[in-house]
Amino acid sequence: MDVRSTLSLAGGLLVIGAVGYYWGGMGKTNIPLLNTDTNHLPDYQVTNIQGLQTNDTGQIERTMKADSLEHFPQPDKSIVRQPLVTLYQQGVMTWSISAQQALSLNNNRDLQLSQQVIGRRLQGPSLSLETESLNANQESQTLDTAAAVVIRSPQGQINSLGLNAKLQEGILTLPAQVRGTYVLSPR
């Protein structure tokens, strides 16, 4: 064999080896099988929650119990499962609010309750509110929903499509499809 044939054969084998090396995956950089972007994962999880919030004078303003809480850093939000919130006025329990799930946004200023939302007045005459979703803003002290709402009391029941409430002013607006029954108490 002459030198040209040997060099040609060696060059051809070298090219075939290089192509096989890269096509076979040997020259590729390792790509991780798992996505390393953790923004969609919670940064902490808590179970069996019991907490309370007090005002500046130490009086309880609200308590909360929940099965679990998951906090996500981006965007800043928390998902709470089976929340039960009790509201207080001047140290006295006034309302109990429960749901299957709550989503806390904007540094806990906005709370979106969903699935079997039930509110019950704990003092005075019986009063309850039921809906599938309810948004609460702590800063503006407002409640609102576009979902169907049922309000029950011993005197009757009111059904509405939607609700807007300004808690500090004591204003409740039922915006659409309002129907109700009211029974006068005997004298």
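The residues packed around Lys166, meaning those with a beta-carbon under 13 Å from its beta-carbon, carry a net charge of -3 if Lys and Arg are +1 and Asp and Glu are -1.
The residues packed around Glu130, meaning those with a beta-carbon under 10 Å from its beta-carbon, carry a net charge of +1 if Lys and Arg are +1 and Asp and Glu are -1.
At an R0 of 22 angstrom, the distance between the Cβ atoms of Leu127 and Ile49 translates into a FRET efficiency of 0.25. Gain on full extension, evaluated as 0.36 nm per residue between Ala176 and Ala148 minus their Cα-Cα distance, stands at 9.1 nm. Under the simplified labelling scheme, the Gln100-Leu167 pair shows an inter-label distance of 2.4 nm, with each label point 7 Å from Cα along Cα→Cβ.
Relative intensity of segment 62-135 on a log10 scale, I(q)/I(0) at q = 0.17, 0.23, 0.24 Å⁻¹, equals -0.65, -1.05, -1.10, per a Debye sum over C-alpha point scatterers of equal strength in the absence of solvent. Length gained on full extension, Val183 to Met93, computed as 0.36 nm times the residue gap minus the Cα-Cα distance: 29.6 nm. For every other residue with a beta carbon closer than 14 angstrom to the beta carbon of Leu105, add +1 if it is Lys or Arg and -1 if Asp or Glu, then tell me the sum. In short, -2. Length gained on full extension, Arg120 to Glu70, computed as 0.36 nm times the residue gap minus the Cα-Cα distance: 15.4 nm. Projecting label points 7 angstrom from Cα along Cα→Cβ for Asn108 and Leu41 puts them 2.6 nm apart. Distance between the modelled labels on Thr57 and Leu84, one decimal in nanometres: 2.9 nm (7 Å Cα→Cβ projection).
Bear in mind that the values in this text are calculations on the coordinates, not laboratory data. Here the structure is a predicted model, which is why all the values come from computation and not from measurement. When we count neighbours, we look across all protein chains shown, and the Cβ atoms used for this are built from the backbone with ideal geometry, even at glycine.
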